[in-house]
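Visitor: Would you mind keeping the following structure in view while I ask a few things?
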Amino acid sequence: MTGNYSRAGVAPELVVGPSTASPERSRSILVAPDSFKGTFTAERVAAAIGAGVGDAGWSCDLCPVADGGEGTASALLHAGGGRVLSFPTTDPLGRPIYGSVALLGNGAVAVVEAASASGLSLLSDSERDVMQSSTEGTGLLIVAAVELGARHVLVAAGGSATVDYGRGALAAISSSGGLRGASLTVLCDVDTTWEDCARIFGPQKGARPEQVRELQRLAAPEAARLPRNPLGVPMSGAAGGLAGALWAALDAELTAGAAHVLSAVQFDHRLARATATITGEGCVDSQSAMGKIVGEIGRRASATTVPAHAIAGSVGLRRHESIAGIASVTVATTLAEIRLAARRLGLELRGAQGCVLDGAHR
């Protein structure tokens, strides 16, 4: 088994059924990772962790999750069923591509991932240009969802390449006739405010220091052109201000993506029936406590007696920093390493619990 895996995409018209997980009380580890962005999907990470804890003699409850970024549609589809359709749109630089819209259940609710059209993963490192990148493509996918008959559109804001303060998306929606009575909820992967998004996320999207300063100067004028002012509103800075623009111009609700997904997959119920939980994401750092899945799972685990551990592709925490509720973070960069790390955690948990299990479940 090697670590050389390509990023899995979402196939058009993929039909997904609801989860049928039924964890065993006191003998199960709840496996709830996010994707390792641009490397492994949450499903592949969960399978690797599940195989590892199975090697250590545990049964497991596989529960791939997301925080409002890439993989959100997949997690919600597995929770409630639905289908995925592919539509023409534009990438962050305005080039024609196909993006996806997920229709949940009977199709009244749709999910649009900003990463599908305006995502950082769609650009090479040399193409990252935060001054030119636009959310127009995300707006086109929102329009497509409405044209499909969705009455409510969930916009997963994470993973964007943009800090255009939602200008591109609003223009695309307006020029296509608006929402036609549909409502929006933005699933935010951060709690960052409008005026802070350029400073905090601009550099990772390719912005040089002088560009970050320019984008910060634009925050107040961009806010002033909207029907209501998003300055200071928590989560309005998600997707480089896309969240705040949809809130201000189209009365979108802003909500924490991690909490929404965990509720949809009945995480708390499944956690209560587990001996431990293992989560994970591509990088665990100080932003993990700002709306990311590891921070939210740590918070929920800390309110119970169930220990939580994390496996990450990298760790950006300083020596004195930690994530509340997360007992340990193990670095693993390939699926083989993830499986091995999970096996070690499983063996440690067996020792701590003094459990004698009946054998592996994979």
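Visitor: Could you please give the count of residues in the stretch 318-328 that are over 19 Å from the mean Cα position of the chain (by Cα), crowded, with 18+ Cβ neighbours inside 10 Å and closer than 11 Å to Val284 by Cα?
Guide: The total comes to 0.
Visitor: Right, something else. Mind checking which residues of the stretch 205-230 are surrounded by fewer than 12 Cβ atoms within 10 Å (Cβ to Cβ) and of a type outside the set (Lys, Arg)?
Guide: Scanning the stretch 205-230 gives Pro209, Glu210, Pro221, Ala224, Pro227.
Visitor: Kindly indicate whether any position in the stretch 97-113 is within 30 Å of Ala220 (Cβ to Cβ) and crowded, with 24+ Cβ neighbours inside 10 Å.
Guide: Yes, there is a match, as at least one residue in the stretch 97-113 is within 30 Å of Ala220 (Cβ to Cβ) and crowded, with 24+ Cβ neighbours inside 10 Å.
Visitor: Among the residues of the stretch 236-258, is there at least one that is surrounded by 16 or more Cβ atoms within 10 Å (Cβ to Cβ) and of a type in the set (Asp, Glu)?
Guide: No, there is no match, as no residue in the stretch 236-258 is surrounded by 16 or more Cβ atoms within 10 Å (Cβ to Cβ) and of a type in the set (Asp, Glu).
Residue-by-condition table, conditions (1) more than 21 Å from the chain's Cα centre (by Cα); (2) closer than 18 Å to Thr255 by Cα; (3) not assigned by TED's automatic domain parsing to the domain that holds Glu222:
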site	(1), (2), (3)
Gly82	no, no, no
Ala145	no, no, no
Ala157	no, yes, no
Gly166	no, yes, no
Ser175	yes, no, no
Thr185	no, yes, no
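Visitor: Determine whether Ala342 is buried (at least 23 other Cβ atoms within 10 Å of the Cβ) and under 19 Å from Ser59 (Cβ atoms).
Guide: yes
Visitor: Same structure again: Hey, among the residues in the stretch 165-177 that are touching a Leu at 6+ places or on another chain (Cβ under 8 Å) and assigned to a loop (DSSP other than H, G, I, E, B), which one's surrounded by the most Cβ atoms within 10 Å (Cβ to Cβ)?
Guide: Gly166
Visitor: Continuing with this model, one more query. In the stretch 178-191, how many residues are modelled with pLDDT under 95 and either within 27 Å of Ser126 (Cα to Cα) or in a strand (DSSP E or B) (or both)?
Guide: 2
Visitor: Taking the residues in the stretch 301-317 that are of a type outside the set (A, V, I, L, M, F, W, C) and within 19 Å of Ala341 (Cα to Cα) as candidates, determine which candidate is surrounded by the most Cβ atoms within 10 Å (Cβ to Cβ).
Guide: His309
Visitor: Filter the stretch 178-204 for residues that are of a type in the set (Asp, Glu) and under 18 Å from Leu218 (Cβ atoms); which is surrounded by the fewest Cβ atoms within 10 Å (Cβ to Cβ)?
Guide: Asp196
Visitor: Take Val294 and decide whether it is buried (at least 23 other Cβ atoms within 10 Å of the Cβ), among the hydrophobic types (A, V, I, L, M, F, W, C) and within 30 Å of Leu226 (Cα to Cα).
Guide: Answer is no for this residue.
Visitor: Please go through the stretch 159-189 and pick out each residue that is closer than 14 Å to Pro230 by Cβ and of a type in the set (Val, Ile, Thr).
Guide: Correct list: Val163, Val186.
Visitor: Of all residues in the stretch 121-145, which are buried (at least 24 other Cβ atoms within 10 Å of the Cβ) and in contact with a Lys or Arg (Cβ under 7 Å, 6 or more places away or on another chain)?
Guide: Val130
Visitor: Looking only at the stretch 253-299, filter to residues that are over 18 Å from Thr72 (Cα atoms) and of a type in the set (Gly, Ala, Ser); which one of those is nearest to the chain's Cα centre (by Cα)?
Guide: Among those that are over 18 Å from Thr72 (Cα atoms) and of a type in the set (Gly, Ala, Ser), it is Ala289.
Visitor: Oh, and also: Return the only residue of Leu215, Leu231 being in contact with a helix residue (DSSP H, G or I) (Cβ under 9 Å, 6 or more places away or on another chain), more than 30 Å from Gly54 (Cβ to Cβ) and in a helix (DSSP H, G or I).
Guide: Just one listed residue meets the conditions, Leu215.
Visitor: On to the next question. Scanning the stretch 24-58 for residues that are within 19 Å of Ile311 (Cβ to Cβ) and modelled with pLDDT under 85, which turns out surrounded by the most Cβ atoms within 10 Å (Cβ to Cβ)?
Guide: Here the residue is Lys37.
Visitor: Of the residues Thr330, Thr304, which single one is under 30 Å from Gly81 (Cβ atoms) and among the polar types (S, T, N, Q)?
Guide: None of the others qualify; the one that does is Thr304.
The values are calculated or read from the model by the stated rules, or taken from the named source; none is laboratory data. Remember, it's a predicted structure, so these values are computed and weren't measured experimentally. Note: ideal-geometry Cβ built from the backbone for every residue, glycine included; neighbour counts use all protein chains shown.
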